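A quick write-up on the structure given underneath.
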Amino acid sequence: MVSSIGTTTFIADSIIYIRDDLKNNITDPISGKRDSKEQFVMTSYPKRSVKYPIITIRSDGTNFYAKGGMQSEVSHYILRIEIRIWARNEVERDELTQEVLDRLRDIQHTATTGSIAVGLHDLRVVGWADIDDEKGGDEVIKSRVLIVSYRVIVGQ
Amino acid sequence: MVSVIGTTGRLVNVNIIGMAEMIATIRARNLDIIENSDLNAAKGANLVAQEVQESIIGNRGEPRSVDTGRFANSIGVEKLANAEYLVFSNVEHSKFLEFGTSRIMARRHFRNTIQRNQDKIVGEITIGL
């Protein structure tokens, strides 16, 4: 579990922090049927066949950078993070989205292990888009691309 | 108009939107572009639309997304209000290409265009203000 966002690893640390928190706190709807080698929450889109639902978390870049001052090495970023919920139906997609949003909101001010305590400030939900993906036959993957952003200050 | 080789190997024509075409489309909807901030915003929107098309035909970092040319030729600009414009695609598969699916990787034509050209877009919008 990431305890603090590192200056030289802030991108990876941010993703891993969110992954670990969601993995430990979001209920897997098929936990009894999922193989022990399969993950419910991942940090990349799956390359192999998976059992849905899953959640993927990736960096979505940054659209803001500022220096801490003219003589300073402190850097201020707004990191965008993509949290994609891949579900089997719309109800499941909505429920998982709600759980993710509630969890991110709840952990902001938790002492020591909360998102602000580790260095992820000013949570914002930038927006989301729904993608309905017909895999063939009767299987349709209902995914939601949720973008959130955090302010990160590094180099202190 | 540019000719691009599509994924099936045949030549496809793509019409890169210029300011004249964009203004004609806006006027066809009984709207017009006013001076100053509205004109600057229109120029910014036109820049974004052109850059998205360049991304789709493979002239930027993203993989080329050209088969019949429908997607590249579907990029348009719509005026929503004074100094407010929307750059869009109206083909159904644009969402799948932009965000990816369980079978294809995301191409990010729109999002990467915005991130790559933020300073230029702000420059177009604020010039002369």
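The values are calculated or read from the model by the stated rules, or taken from the named source; none is laboratory data. These numbers were taken from a predicted model, which means no experiment stands behind them. Every residue, glycine among them, receives a Cβ derived from its backbone with ideal geometry; neighbour counts consider all protein chains shown.
Summary of computed values
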{"item": "Subset of segment A:74-94 (residues that are away from chain B (no Cβ under 12 Å), in contact with a strand residue (DSSP E or B) (Cβ under 8 Å, 6 or more places away or on another chain) and not in a strand (DSSP E or B))", "result": "A:VAL74, A:ASN89, A:GLU90, A:GLU92, A:ARG93"}
{"item": "B:ASN82 vs. criteria within 12 Å of chain A (Cβ to nearest Cβ) and either under 30 Å from A:ALA66 (Cα atoms) or touching an Asp or Glu at 6+ places or on another chain (Cβ under 9 Å) (or both)", "result": "no"}
{"item": "Matching residues in segment A:101-156 - criterion: being within 14 Å of chain B (Cβ to nearest Cβ), assigned to a strand (DSSP E or B), at positive phi and more than 14 Å from the chain's Cα centre (by Cα)", "result": "A:GLY136"}
{"item": "Selection count where residues are more than 20 Å from B:ASN90 (Cα to Cα) and either of a type in the set (Lys, Arg) or assigned to a helix (DSSP H, G or I) (or both), scope segment B:17-43", "result": "7"}
{"item": "Any chance B:VAL66 is outside any helix (DSSP H, G or I), more than 14 Å from chain A (Cβ to nearest Cβ) and either in contact with an Asp or Glu (Cβ under 6 Å, 6 or more places away or on another chain) or over 15 Å from B:VAL14 (Cβ atoms) (or both)", "result": "no"}
{"item": "Subset of segment A:33-58 that is assigned to a strand (DSSP E or B) and in contact with a Leu (Cβ under 9 Å, 6 or more places away or on another chain) - its residue that is nearest to A:ALA87 (Cα to Cα)", "result": "A:ILE55"}
{"item": "Selection count, segment B:74-108, where residues are part of a loop (DSSP other than H, G, I, E, B) and in contact with a Phe, Trp or Tyr (Cβ under 6 Å, 6 or more places away or on another chain)", "result": "2"}
{"item": "Among residues of segment A:59-73, those that are over 24 Å from A:SER44 (Cβ atoms) and either assigned to a loop (DSSP other than H, G, I, E, B) or of a type outside the set (A, V, I, L, M, F, W, C) (or both), counted", "result": "8"}
{"item": "Filter result for B:ASN46 (within 25 Å of B:ALA83 (Cα to Cα), of a type in the set (S, T, N, Q) and in contact with a Leu (Cβ under 8 Å, 6 or more places away or on another chain))", "result": "no"}
{"item": "Residue ID - nearest to the other protein chains (Cβ to nearest Cβ), chosen from residues in segment B:92-111 that are closer than 12 Å to B:SER65 by Cβ and touching a Lys or Arg at 6+ places or on another chain (Cβ under 7 Å)", "result": "B:GLU98"}
{"item": "Residue satisfying all of: in segment B:25-61; among the basic types (Lys, Arg) and closer than 18 Å to B:ASN15 by Cα; surrounded by the most Cβ atoms within 10 Å (Cβ to Cβ) among these", "result": "B:LYS43"}
{"item": "Any hit, segment A:102-114, residues being surrounded by 16 or more Cβ atoms within 10 Å (Cβ to Cβ), among the polar types (S, T, N, Q) and within 16 Å of A:ASN25 (Cα to Cα)", "result": "no"}
{"item": "Which numbered condition A:THR56 fails, given (1) at pLDDT 95 or above; (2) away from every other protein chain (no Cβ under 14 Å); (3) farther than 21 Å from A:GLN156 by Cα", "result": "(2)"}
{"item": "Flag if A:ASP21 is modelled with pLDDT of 90 or more, in a loop (DSSP other than H, G, I, E, B) and of a type outside the set (Val, Ile, Thr)", "result": "no"}
{"item": "Condition met for B:PHE71 (of a type outside the set (Asp, Glu) and away from chain A (no Cβ under 13 Å))", "result": "yes"}
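Quick grid of which residues meet (1) of a type outside the set (Phe, Trp, Tyr); (2) surrounded by 19 or more Cβ atoms within 10 Å (Cβ to Cβ); (3) in contact with a Ser or Thr (Cβ under 8 Å, 6 or more places away or on another chain):
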position: B:LYS79; (1), (2), (3): yes, yes, no
position: B:PHE88; (1), (2), (3): no, no, no
position: B:LEU97; (1), (2), (3): yes, yes, yes
position: B:ARG108; (1), (2), (3): yes, yes, no
position: B:ASP119; (1), (2), (3): yes, no, no
